[in-house]
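Heads up, the thing below is written out as structure tokens.
The values are calculated or read from the model by the stated rules, or taken from the named source; none is laboratory data. Nothing here was measured: the structure is a model prediction, and the numbers come from that model. In this analysis, Cβ positions are derived from the backbone assuming ideal geometry, glycine residues included, and neighbour counts consider all displayed protein chains. For the accessible areas, the whole protein counts, side chains as well, though only heavy atoms, and no ligand, DNA or RNA atoms are used. Shrake-Rupley method; radii C 1.70, N 1.55, O 1.52, S 1.80 Å.
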Amino acid sequence: MQHGKYRFIAGFLLVPLAIYGIFVVSPFVQAIYYSFTNWTGLSSKFKMTGLKNYQRLWDDELFWKALGHNLLLLLLLPLVTLGLGLFFAFMLNVGGRRRKNAAVAGVRGSGFYKIVYFFPQVLSIAIVALLFKFAYNPNSGAINSFLDAIGLDSVRPDWLGDPDLALWCVMAVMVWSNVGFYVVLFSAGMSAIPKDFYEAALLDGANRVQTFFRITLPLLWDTVQTGWVYMGIMALDGFAVVQIMMDGPGPDYSTELLTYYLYSKAFTDGQAGYATALGVALLIVTMVFAGIVMKLGRRERLEY
């Protein structure tokens, strides 16, 4: 009877696991294999080169520059995006004036604000990047036109042409396009927290800041942790934004990212073997980041 149950379960899992192995695991294995070759990506002929691609990777200054940019995004993008998402969600759900028979309340029109914040999610990242490319135009863009309108025509930064500003402009676009999703996600989580918790805290003399750190954040921690991993993975990508906004790695390679460097090596330079080595390095960085976040963020689960 016990063996029959396991066969029944295995029968249901066999096809999904086979599909997962073919379409997910197999490409990873192939990429690792090709990273030890001199494959050009255009020919079926290649030779094994051992660790040559990885030795080249270690000595590649542009690789380390791209990795530094990705690590900067990895540090700041989740922090800024999730921080703003938590702040706006808290203000919308708990930050309003107290109303009759209610210990806490959201601001008036919070439903409308959530729609406004969520609007960038309706647009594809390609459209968002294209819109901001026009907005950042130093001559006719909306940002510099606004500066001209308020009398700051002497301050006309070349937003995407300045090596000191380009990466920050890219990060601003990534924050703007994602923060609305987390506002709605965190709002859903906050609405499920019993109001009795806030009432008890307020009776004890707690203010809004204390209720946020003592009640809201601990009860949303699992959601925040998951969001941190997703935003970290996005910080390690960023290819579409850079490709569309910058049409390349930016001035002095100021917006060079691992994903764009991988793309250029594979499809521009015909060095697919080296590109797959870059992909393996990116995989390792992603796995290390996810492991660190899950390890540092581990805490006892709070039930309510």
Computed magnitude of the charge dipole of region 1-78 (debye, nearest 20; Cβ of K, R +1, Cβ of D, E -1)
340 debye
Return the single residue from VAL107, VAL242, VAL24 with maximal mean-square fluctuation; model: Gaussian network over the chain, springs between Cα atoms under 10 Å.
VAL24
Which listed pairs, of LYS45/LYS265; LYS195/LYS295; LYS52/LYS295; LYS65/LYS295, have C-alpha distances above 23 Å, in listed order
LYS195/LYS295; LYS52/LYS295; LYS65/LYS295
Test of understanding: what is the full-extension gain from ASN38 to ILE19, defined as 0.36 nm times their sequence separation minus their Cα-Cα distance?
3.9 nm
Excluding ligands, DNA and RNA, what is the solvent-accessible area per residue of the chain at a probe of 1.4 Å, expressed in Å²?
59 Å²
Please report the relative contact order for region 130-286, taking Cα pairs under 8 Å with a sequence separation of at least 6, and give it as a percent rounded to a whole number.
21 percent
Top mean-square fluctuation among MET287, MET174, MET231, Gaussian network model of the chain, C-alpha springs under 10 Å?
MET287
Subtracting the Cα-Cα distance of ALA126 and LYS195 from 0.36 nm times their residue separation yields 20.8 nm
What's the local net charge at PRO157, with K and R +1, D and E -1, over the other residues with C-beta under 14 Å away?
-4
With a 10 Å cut-off between alpha carbons and a GNM built on the chain, which of THR40, THR49, THR286 moves the most?
THR49
What is the percent carbon and sulfur in the accessible area of the chain, measuring with a 1.4 Å probe over the protein chains and ignoring ligands?
66 percent
Computed from the coordinates I sent, Cα extents along the principal axes in Å equals one of (1) 81, 76, 30; (2) 62, 37, 35; (3) 82, 78, 37. Tell me the label.
(1)
Shape of region 130-214, Cα gyration tensor, a/c cut at 1.5
prolate
